[in-house]
Amino acid sequence: MMNIIDIKDWGLGLSEHVLIAGPCSAESPQQIETIAKGLKGSPVELFRAGVWKPRTRPGSFEGVGAEALEWLQIAKDILNVPVTVEVAKTEHVDAALKAGVDVLWIGARTTVNPFSVQEICEALKGTDIPVMVKNPINPDLQLWLGAFERLNKVGIKKVAGIHRGFSDPYEKRYRNKPEWSLPIHLKRMIPGISVICDPSHIAGAREIIGAVSQRAINFGLDGLMIETHHDPDKAWSDAKQQITPDTLKIIYESLIFRKNVD
Ligand code: PEP
Ligand code: MN
């Protein structure tokens, strides 16, 4: 039995329908400032930005690196919310902890590798920072589950899953096939765990972010992580799937959340 601390009890003011927003990649202090200002007045509760970008093939933008960690303070000041970055190596964990990042996340290309996950866990020993774990690229629930077990073994109890879809060479509609039964199954395997949906990486196209978000809510997932950029077409990574802060507000307003009816 795993020991899980509910997202509402992480001490960060996050709700049961947490909205995480921010750019795929941190590009400059000005970009972070513009996006954070745009998000003001939206229900965003946690600001995301990739600082180290795991690219499938070499040659594309690989992130600004540790320098960008300082820029996150700009978003914190403007929005008064905690911030989260992706970590894939022990050096990332050390730098993020030192910079006061509030929440870490493990990306899909890292969850597939138990050696990497274990190294991250060793670097996290003795801390109680919340860690969100994206599903592995491939539809293997055991790998996803294993990452949570490894985290729990080093004492990390503040954990949540992120459903970002699964790679499938025959999939046409989505960038990553949702396979909704898998995150639902994970929620059954780890009682009490929140699983947040990342419609951006499932969709791969901004036109269907709203529809995928609504599906996630209908399936009972616990929140949304949506890539947001002030000028999506010019984004340095994942340009096609990012939406503006204004579009995010419109989409969020249109979502229908389940009411608790007894
Ligand atoms: C990201 O969140 O920008 C990212 C790289 O995601 P994933 O690990 O889901 O591909
Ligand atoms: Mn991205």
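The values are calculated or read from the model by the stated rules, or taken from the named source; none is laboratory data. Keep in mind the model is a prediction, meaning the values are calculated, not measured. Here the Cβ positions follow ideal geometry from the backbone for every residue, glycine too, while neighbour counts run over all protein chains shown.
Taking the range 159-181 as the range and being buried (at least 20 other Cβ atoms within 10 Å of the Cβ), away from ligand 2 (no atom under 13 Å from the Cβ) and not small (Gly, Ala, Ser) as the test, the residues that pass are Val159, His163, Phe166, Pro178. One residue alone among Phe47, Phe61 is farther than 23 Å from Ile196 by Cα and among the aromatic types (Phe, Trp, Tyr), and that residue is Phe61. Could you please let me know if Pro43 is in contact with a helix residue (DSSP H, G or I) (Cβ under 9 Å, 6 or more places away or on another chain) and under 22 Å from His163 (Cβ atoms)? Yes: the conditions hold for Pro43. The residue that is farthest from the chain's Cα centre (by Cα), among those in the range 198-214 that are in a loop (DSSP other than H, G, I, E, B) and within 13 Å of ligand 1 (Cβ to nearest atom), is Gly204. The set of residues in the range 101-139 being free of Cβ contacts under 8 Å to residues at least 24 places away in the same chain and either assigned to a loop (DSSP other than H, G, I, E, B) or surrounded by 20 or more Cβ atoms within 10 Å (Cβ to Cβ) (or both) consists of Asn113 alone. A Cβ distance below 8 Å, combined with a sequence gap of six or more or placement on separate chains, defines the contacts here; from the range 7-22, residues that are over 20 Å from Lys40 (Cα atoms) reach residues that are surrounded by fewer than 22 Cβ atoms within 10 Å (Cβ to Cβ) and at pLDDT below 95 in the pairs Ile7/Glu16; Lys8/Glu16. Figure legend. Inter-residue proximity from the range 191-204: first residues more than 20 Å from Val159 (Cα to Cα), second residues more than 11 Å from ligand 1 (Cβ to nearest atom) and part of a helix (DSSP H, G or I), beta-carbon distance below 7 Å, spacing 6+ or different chains. Indicated pairs: Ser200/Ile209; Ile202/Val212; Ala203/Ile209; Ala203/Val212; Gly204/Lys240.
From the list Leu255, Leu151, Leu143, the one residue that fits, being among the aliphatic types (A, V, I, L, M), more than 25 Å from Gly22 (Cβ to Cβ) and away from ligand 2 (no atom under 16 Å from the Cβ), is Leu143. Taking Thr56 as the residue in question, decide whether it is within 10 Å of ligand 1 (Cβ to nearest atom), over 16 Å from the mean Cα position of the chain (by Cα) and either at positive phi or not charged (D, E, K, R) (or both). For Thr56, the condition - within 10 Å of ligand 1 (Cβ to nearest atom), over 16 Å from the mean Cα position of the chain (by Cα) and either at positive phi or not charged (D, E, K, R) (or both) - is met.
Is there any pair with a first residue in the range 250-262 that is at pLDDT below 75 and a second that is among the aromatic types (Phe, Trp, Tyr) whose Cβ atoms are under 9 Å apart and which are 6 or more apart or on different chains, and what are they? Matching pairs, first to second residue: none at all. Scanning the range 215-242 for residues that are more than 14 Å from ligand 1 (Cβ to nearest atom) and either free of Cβ contacts under 8 Å to residues at least 40 places away in the same chain or closer than 25 Å to Asp9 by Cα (or both) gives Arg215, Ala216, Ile217, Asn218, Phe219, Gly220, Leu221, Asp222, Gly223, Asp231, Asp233, Lys234.
One residue stands out among those in the range 126-183 that are away from ligand 1 (no atom under 13 Å from the Cβ) and among the small types (Gly, Ala, Ser): the one that is farthest from Leu104 (Cα to Cα), which is Ser181. Within the range 204-230, which residues are over 22 Å from Thr34 (Cβ atoms) and either within 11 Å of ligand 2 (Cβ to nearest atom) or of a type outside the set (A, V, I, L, M, F, W, C) (or both)? Residues satisfying the conditions are Gly204, Glu207, Gly210, Ser213, Gln214, Arg215, Asn218, Gly220, Asp222, Gly223. Checking Ile106, Ile120, Ile78 one by one, the residue that is closer than 14 Å to Ile156 by Cα and either of a type in the set (D, E, K, R) or over 15 Å from the mean Cα position of the chain (by Cα) (or both) is Ile120 and no other.
Scanning the range 44-72 for residues that are assigned to a helix (DSSP H, G or I) and within 22 Å of Ala123 (Cβ to Cβ) turns up Ala66, Glu67, Ala68, Leu69, Glu70, Leu72.
Scanning the range 27-76 for residues that are without any contact (Cβ under 8 Å) to a residue 12 or more places away in the chain and among the acidic types (Asp, Glu) yields a count of 2.
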